[in-house]
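The values are calculated or read from the model by the stated rules, or taken from the named source; none is laboratory data. The structure presented is a predicted model; accordingly, all values stated were derived computationally and were not measured. Cβ atoms come from the backbone with ideal geometry, glycine included; neighbour counts cover every protein chain shown.
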Amino acid sequence: MNTPTATYPIHPGQMAAPPVWHEPQSPVYPPAQQGYANPHQPYPPMHQPPPPAYFAQPVYVTPVFMAPGRSKSAAALLCFFFGGLGIHRFYTGQTGLGIALLLTTLVLGPLTLGLWFIVTFVWIVVDFILILSGGVTDQYGRPLT
């Protein structure tokens, strides 16, 4: 008497065990050949996902308190009336340019017997045009409103 072999389904309503999936195995190279130097594997192997604990770590975000936007008209007026002192650059939060303009006016102007004031005047006119055309931003990179 022959014993029957198991076929799908074994019993009505019962399925056989699902097939087992095997991940494809990458060829194993000696450690000196792994990575970019291997011609068969041009990039580093990325076959394993990060461990689950990587995603479970808390994320700390430092709050950033942004100052309110700066006014384009106020910056233009400050540039027009107090441009030689760099007050408009201090107003927009660009203290480095404000100090540079202030020092060139107060130090280089008298040392060059007033000739440097021509360079400062051109700098102020260019700043005034840039402010009115929207080319100047505040210290956070936001355009003046």
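With the requirement that a residue be among the β-branched types (Val, Ile, Thr), surrounded by 12 or more Cβ atoms within 10 Å (Cβ to Cβ) and under 21 Å from Phe80 (Cβ atoms), what does segment 93-125 give you? Steps first, answer last, please.
Looking only at segment 93-125, we keep the residues that are among the β-branched types (Val, Ile, Thr), and these are 95, 99, 104-105, 107, 112, 118-120, 122, 124-125.
If we keep only those that are surrounded by 12 or more Cβ atoms within 10 Å (Cβ to Cβ) too, we end up with 95, 99, 104-105, 112, 119-120, 124-125.
If the condition is that a residue be among the β-branched types (Val, Ile, Thr), surrounded by 12 or more Cβ atoms within 10 Å (Cβ to Cβ) and under 21 Å from Phe80 (Cβ atoms), then Thr95, Ile99, Thr104, Thr105, Val119, Thr120, Ile124, Val125 are the ones that fit.
Annotation: of all residues in segment 100-138 being free of Cβ contacts under 8 Å to residues at least 60 places away in the same chain and assigned to a loop (DSSP other than H, G, I, E, B), the one that is nearest to Pro68 (Cα to Cα) is Gly135. Given the criteria part of a helix (DSSP H, G or I), closer than 26 Å to Thr145 by Cα, free of Cβ contacts under 8 Å to residues at least 12 places away in the same chain and in contact with a helix residue (DSSP H, G or I) (Cβ under 7 Å, 6 or more places away or on another chain), does Leu97 qualify? Yes; evaluated as a whole, the condition is true for this residue. Could we say that Val119 is of a type outside the set (Phe, Trp, Tyr) and at pLDDT 95 or above here? So Val119 does not fit the description; no.
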